[in-house]
Each structure stands twice: as C-alpha cells, then as structure tokens.
Amino acid sequence: MKYFLFFIFIFSSNAFSYVDLNLSYSYSIRKVDGIETDANPDPGSAKATTEGYTLNLAWYMWEYTALELNYSKSTQRLLDDREVSTTDGDGDPFTIKEQDNTVITQVSGVGIRQAFASRKARVIPSISIGYAKYVTSGNTKYKLDFDGTEFDYEEEQDKVESSSSYAAFSLRFRITQLMGLTIAAKTIMPDFETEEADNNITYSAGLSWVF
C-alpha cells in the first residue's frame, strides 16, 4: 500500500509541475599562423576546432525543485602543420611535418536542479549539482619525414572513464509561454577533485521548451 501511495504522490498534479528540455550547440575555430622567416617562408599554421552539443532535461516534481538528467559531447581537433625537427631515441633526426590530434569528451549526469523563480517568470535563475560520468578518448596522427622518407603514424589514446561531480548555473529567458533561451555555465570535477573545477568549465546557450 505504501508503494502505491508513493506512486500516486509522484505522479499527482501537485508533485509534477513541468519538464524543461534544453538543447544547445557550439562550434568554434581558432587559427594561429607560424612565424615567417627568410629560411622558412612557408611556416604553416595550427588550427583548433571545437564542436559540441548538450542535452538537459529537468523534471520539476515540485514547483522549484527538479530531477535533472544531462548529456554532452564535444570534439576538439588540433591540426598543426608547422614543421618541427627533433630526434628519436637513438639520436637520429627526423621532422614532424603535420600533427592531427583529436580529443572526444562525453559527460552524462544526474542531479538536482533548484530554481529561484516560478515557471511563469520572465527570467528563471537556477543552480544544479550532481553526479557525472566523465569519458575521454581520441587519437593523434602524424606525418613524419625520416631521412627524406615520409610516412604516417597513428597513436590511439586510451579511453578513460571517471566518476565525477558537476555544478551548473543557468538563466532561462522566456520567449513564449512554452519556449525560452537558456544560457549556462557548467563545471565538471573528475574524481570529485574540487580543485579541477576551474579547468573544466563549459559555457553554452540554446533553446529550451517546457511542457
């Protein structure tokens, strides 16, 4: 009987206020040119590209408090064709003609979101805290020149998973009764290390819907 009463409470109109669904997408490019000299008239460049998306679903079981589920994925790629001359373990010289490095980060989390205004407010500030699984993977591809012979080399990065915590702050601006614009800042703390909070901050903006 107690489980039946609990079920009725969770799904009653008083307990279930609304669902807030937020989707955001980000894309950025940064390019740094090498230094041109008489000895090196074509120094190449380094281009960093970052692409990612975020999904947040908050189930407001009470008017201001929600159970939050979230998932995000970002892909960072650094393509650097600025040539670098170095030596191997035996001291033989070789040249790195190009380096293509890709890092993929995935975060899935569950937590509690606390809002500080009702769903009908023009602006709804909220904070979220919870548990997250933090997964990183990737690879690095090289174009090498060893004594006039060019060849490719690829190195896979191990997939690393860690239990983490997250904290986020968001502002939702109402556009219509059901749609809004949400901007947010979120930090991930791998292995629950709070000193890593400043190293894993993501800023995002996207549309959100309530129903």
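The values are calculated or read from the model by the stated rules, or taken from the named source; none is laboratory data. As the structure is a prediction and not an experimental result, all values here were calculated from the model. Cβ: placed from backbone, ideal geometry, glycine included. Neighbour counts: every protein chain shown. SASA here: full protein model, heavy atoms, side chains in, ligands and nucleic acids out. Shrake-Rupley method; radii C 1.70, N 1.55, O 1.52, S 1.80 Å.
Regarding the range 33-45, can at least one residue be identified that is of a type in the set (A, V, I, L, M, F, W, C) and either in a strand (DSSP E or B) or at pLDDT 90 or above (or both)?
No; the residues of the range 33-45 include none that is of a type in the set (A, V, I, L, M, F, W, C) and either in a strand (DSSP E or B) or at pLDDT 90 or above (or both).
If you take the residues in the range 171-206 that are closer than 21 Å to residue 108 by Cβ and out of contact with any strand residue (DSSP E or B) (no Cβ under 6 Å at 6 or more places or on another chain), which one is least open to solvent (accessible area, probe 1.4 Å)?
Here the answer is 193.
Can residue 83 be described as acidic (Asp, Glu), open to solvent by 60 Å² or more (accessible area, probe 1.4 Å) and either under 24 Å from the mean Cα position of the chain (by Cα) or under 29 Å from residue 186 (Cα atoms) (or both)?
no
Say we look at the range 165-201 and pick out the residues that are among the hydroxyl-bearing types (Ser, Thr, Tyr) and assigned to a strand (DSSP E or B); which of these is farthest from residue 52 (Cα to Cα)?
Out of the qualifying residues, it is 165.
Quickly run through the range 16-32 and pick out the residues that are open to solvent by less than 100 Å² (accessible area, probe 1.4 Å) and either touching a Gly at 6+ places or on another chain (Cβ under 7 Å) or at pLDDT below 50 (or both).
Passing the criteria: 22, 23, 24, 26.
Looking only at the range 103-113, which residues are surrounded by 15 or more Cβ atoms within 10 Å (Cβ to Cβ) and either closer than 19 Å to residue 17 by Cβ or touching a Pro at 6+ places or on another chain (Cβ under 6 Å) (or both)?
If the condition is that a residue be surrounded by 15 or more Cβ atoms within 10 Å (Cβ to Cβ) and either closer than 19 Å to residue 17 by Cβ or touching a Pro at 6+ places or on another chain (Cβ under 6 Å) (or both), then 111, 113 are the ones that fit.
Okay, residues lined up against (1) closer than 22 Å to residue 202 by Cβ; (2) out of contact with any Asp or Glu (no Cβ under 6 Å at 6 or more places or on another chain):
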residue: 50; (1), (2): yes, yes
residue: 74; (1), (2): yes, yes
residue: 93; (1), (2): no, yes
residue: 97; (1), (2): no, no
residue: 103; (1), (2): yes, yes
residue: 111; (1), (2): yes, no
residue: 132; (1), (2): yes, yes
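Picking from 23, 67, 55, which residue would you name as being within 19 Å of residue 116 (Cβ to Cβ) and assigned to a strand (DSSP E or B)?
Every option except 67 fails the conditions.
Among the residues of the range 66-121, which ones are of a type in the set (D, E, K, R) and either at pLDDT 95 or above or within 20 Å of residue 161 (Cα to Cα) (or both)?
Answer for the range 66-121, where residues must be of a type in the set (D, E, K, R) and either at pLDDT 95 or above or within 20 Å of residue 161 (Cα to Cα) (or both): 68, 73, 77, 100, 113.
Can you go through 143, 120 and tell me which one is open to solvent by 80 Å² or more (accessible area, probe 1.4 Å) and assigned to a strand (DSSP E or B)?
Exactly one of 143, 120 is open to solvent by 80 Å² or more (accessible area, probe 1.4 Å) and assigned to a strand (DSSP E or B), namely 143.
In this structure, does residue 168 turn out to be surrounded by 11 or more Cβ atoms within 10 Å (Cβ to Cβ), at pLDDT below 95 and hydrophobic (A, V, I, L, M, F, W, C)?
No; evaluated as a whole, the condition is false for this residue.
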